[in-house]
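The structure appears right after this line, and notes come after that.
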Amino acid sequence: MNQKTTEKVVKSDEQWKQDLNPQQYHVLREKGTDRAFTGAFYNNHDEGTYLCAGCGQELFSSRSKYDSGSGWPSFYQPASPGVVELDQDNSHGMQRIEVKCARCGGHLGHRFDDGPAPSHLRYCINSTSLKFTPQR
Ligand code: FE
């Protein structure tokens, strides 16, 4: 039994509002989006690990980060297969794949199929949904 990866984080909206700042609540719990080229990490080239700002789960490694030119942090794969969940998102007149944290259900961003090899996927993630831990 691996509690760390299987235990879900479930909170009421009121609890999330207390535990997150307003921008984090908007993006993670209301599926908001950072304005392009404004987030803390789109231009971060340091080595380290990106954690979920909602629950602390490890989501992405700097090794999978690349410059997509989109203005959002972009990764070609998650840190491990089970850490994100995908959902169909038909909002705003588009058909997109939503990326969520598998542990707390927080909205992270969207996944597109124009990424680099080997996956050819682009996980387009809001900086607000992430916390960065530099490698020591
Ligand atoms: Fe999370």
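The values are calculated or read from the model by the stated rules, or taken from the named source; none is laboratory data. Remember, predicted model here, so these are calculated numbers, not experimental data. Cβ placement follows ideal geometry from the backbone for every residue including glycine, while neighbour counts extend to all protein chains displayed. Just the protein is used for accessible areas: all its heavy atoms, side chains included, with ligands, DNA and RNA removed. Shrake-Rupley method; radii C 1.70, N 1.55, O 1.52, S 1.80 Å.
Name every residue in the range 56-76 that is part of a strand (DSSP E or B) and touching a residue at least 40 places away in the same chain (Cβ under 8 Å), in order of residue number.
Applying the first criterion (part of a strand (DSSP E or B)) to the range 56-76 yields 58-61, 65-66, 74-75.
Of everything in the range 56-76, those that are part of a strand (DSSP E or B) and touching a residue at least 40 places away in the same chain (Cβ under 8 Å) turn out to be L59, F60, Y66, S74, F75.
Total residues in the range 82-130 satisfying the condition of being part of a helix (DSSP H, G or I), open to solvent by 40 Å² or more (accessible area, probe 1.4 Å) and touching a residue at least 40 places away in the same chain (Cβ under 8 Å): the figure is 2.
Can you tell me which residue within the range 81-100, out of those that are within 15 Å of the ligand (Cβ to nearest atom) and of a type in the set (V, I, T), is farthest from C124 (Cα to Cα)?
Restricting attention to the range 81-100, the residues satisfying the condition of being within 15 Å of the ligand (Cβ to nearest atom) are 82-87, 98-100.
Filter once more, so that each one left must be of a type in the set (V, I, T): 83-84, 99.
Working: V83: 15, V84: 13, V99: 9 Å.
Of everything passing the filter in the range 81-100, V83 is farthest from C124 (Cα to Cα).
A79 meets all of the listed conditions (1) touching a residue at least 24 places away in the same chain (Cβ under 8 Å); (2) crowded, with 21+ Cβ neighbours inside 10 Å but one, namely (2). R103 - would you say it is within 16 Å of the ligand (Cβ to nearest atom) and over 15 Å from N126 (Cα atoms)? Against the criterion (within 16 Å of the ligand (Cβ to nearest atom) and over 15 Å from N126 (Cα atoms)), R103 qualifies. One residue stands out among those in the range 42-67 that are within 14 Å of the ligand (Cβ to nearest atom) and among the hydroxyl-bearing types (S, T, Y): the one that is surrounded by the most Cβ atoms within 10 Å (Cβ to Cβ), which is Y50. Note on the range 19-39: residues that are loosely packed, with under 14 Cβ neighbours inside 10 Å, on the phi < 0 side of the Ramachandran plot and away from the ligand (no atom under 16 Å from the Cβ) total 4.
Identify all residues within the range 44-87 that are among the basic types (K, R) and closer than 21 Å to V27 by Cβ; write none if there are none.
Restricting attention to the range 44-87, the residues satisfying the condition of being among the basic types (K, R) are 63, 65.
Within the range 44-87, K65 is the sole residue that qualifies.
Determine which single condition T133 fails, assuming it passes every other condition in (1) assigned to a strand (DSSP E or B); (2) free of Cβ contacts under 8 Å to residues at least 60 places away in the same chain; (3) more than 18 Å from G71 (Cα to Cα). Among (1) assigned to a strand (DSSP E or B); (2) free of Cβ contacts under 8 Å to residues at least 60 places away in the same chain; (3) more than 18 Å from G71 (Cα to Cα), the lone unmet condition for T133 is (2).
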